[in-house]
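Encoded as structure tokens, the structure appears first; notes follow it.
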DNA sequence: ACCACCATGTAACAGGTTACATGATTAA
DNA sequence: TTAATCATGTAACCTGTTACATGGTGGT
């Protein structure tokens, strides 16, 4: 038994979903897209790579399901060790923020291009944020289960908060970069 | 001359900083930390790896600087092709959002641990956000140059907006998860 | 006839991290 | 004497991506 090097995020995501019931790689890919997809969206190939790994580690078992009229499946089921592994992972601190924002990099060096270029990037990102809000509304409607602590709902609230911050910022950038070519430092 | 496969973010960051004047890997590491560090912070080894690459691509030149009383340097200077490469990179759309938020993953699966665990993560993140705000204030004070379009300042505004969204969200989570163990769905 | 969905995987590559290795000078 | 700063790099590893490969079934 692996004494326990800790879980990578995708491993944790897959294992976490597996905790709600056994499923195949194909199923998991869809489950990911419909749940954690907007803040953790691995390629399907990654899911298929991760699953045998989890079996190796003793965190899941694999079972062959024969089907007629469609391809057979490999169905995975979480083990007790697997559940322990998630709890373990959940209790470890997640490293600092995930920095890494290529858009900001482009804005930072914006003086090496013309303002229009930067504006396009920012507007595109704002459109994405608006799209995200719509998707979150969709998810809210689809979920709508709960009373007690609804954790997925909390992540949707985050998504919305993030999207709104993004939109506010985009508007700010637009104001700064368009009409007001006047020397002005309106530090908020 | 490389016809141009496009720049990776770290390459762009290094090249972008090089545009303000020649410098060594060591200098660049510090420049990164003091400028784009809070949204793009590569390890120093990455910087040292990237620099010779940029020379290979014809985007920078390297020059040996002999020093007394301290180690010699390799000093890099951006070329005309290098400047063109940044403009090129700036004009390309940056892919969607960088999803990838391990903290949210932990929150999402929060029901597989106890609420206290989740709260600790969220509080830790809020503390980081508050720290970031302080650092941004610091940077604002240090910068304070400009009239005309001040791009770095725009990225700091983003940082602040992000931090504040994070703090609001953390407070929300705290309210939801602490005293109110009551079945309630206060969809904002 | 064609496309979408079901279903699984491999191979090549990219982009990054940590840890290791070295060594002089200067300030406390 | 001990630690920080200056200074550069390599090696091993991890996590992830895209593109490729295959093939039956069911709806339009």
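What follows is calculated from the coordinates using simple rules that are stated; it is not laboratory data. Everything numeric here is computed off the predicted structure, so don't read it as measured data. Positions of Cβ are generated from backbone atoms using ideal geometry, with glycine treated the same way; all protein chains shown enter the neighbour counts.
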Problem - Over region B:1-63, relative contact order from alpha-carbon pairs under 8 Å, at least 6 apart, % - result: 42
Exercise for the section: Take peptides B:157-169, A:70-82, B:38-50, B:67-79 and line them up by average Cβ neighbours within 10 Å, highest first, as a rough protection proxy. Expected result: B:157-169, B:38-50, A:70-82, B:67-79
Exercise for the section: Using packing as a proxy for protection, rank A:56-63, B:83-90 so that the peptide with the highest average count of other Cβ atoms within 10 Å comes first. Expected result: B:83-90, A:56-63
Practice task
Using R₀ = 51 Å, calculate the FRET efficiency as 1/(1 + (r/R₀)^6) where r is the Cβ-Cβ separation of residue B:49 and residue A:26; round to 0.05.
Solution key: 0.85
Problem - Pseudo-label separations to other copies for residue B:5 - Cα-to-Cβ vector, 7 Å, nm - result: 2.7
Exercise for the section: Report, to the nearest 10°, how far helix A:115-143 tilts away from the longest principal axis of the Cα atoms in chain A, using its own Cα long axis and a range of 0 to 90°. Expected result: 40
Exercise for the section: Using a 10 Å cut-off on Cβ to Cβ distances, tally the other chain neighbours for every residue of B:81-94 and report the average as a whole number. Expected result: 4
Exercise for the section: Give the nm distances, rounded to one decimal, from residue B:77 to the matching residue in every other copy, measuring between label points 7 Å along Cα toward the beta carbon; shortest first. Expected result: 7.0
Completion exercise
Tilt, helix B:9-18 to longest principal axis of chain B (alpha-carbon atoms), in degrees rounded to tens, equals 50
Problem - 10 Å Cβ neighbours from other chains, averaged over peptide B:166-178 - result: 3
Fill in the blank from the handout: Each residue of A:123-133 has, on average, a number of other protein chain C-beta atoms within 10 Å of its C-beta equal to 1
Handout entry: Fluctuation leader among B:51, B:132, B:177 - chain B, Gaussian network, Cα springs under 10 angstrom
Key = B:177
Handout entry: Mean Cβ count within 10 Å, highest first, over the residues of peptides B:31-37, B:149-155
Key = B:149-155, B:31-37
Problem - Pairs of Cα atoms farther than 20 Å apart, chain A, % - result: 66
Practice task
Would you kindly give the portion of the calculated P(r) for region A:33-103 that falls above 18 Å, as a percent of all Cα pairs?
Solution key: 62
Handout entry: Mean separation of Cα contacts under 8 Å, 6 or more apart, over the residue count of chain A: relative contact order %
Key = 18
Completion exercise
CD proxy, 222 nm, chain A: helix-only mean residue ellipticity via -39,500 (n - 2.57) per DSSP H run with n ≥ 4, per residue, nearest 500, stands at -19000 deg cm²/dmol
Problem - Cα pair count fraction exceeding 26 Å, expressed as % - the protein assembly as shown - result: 60
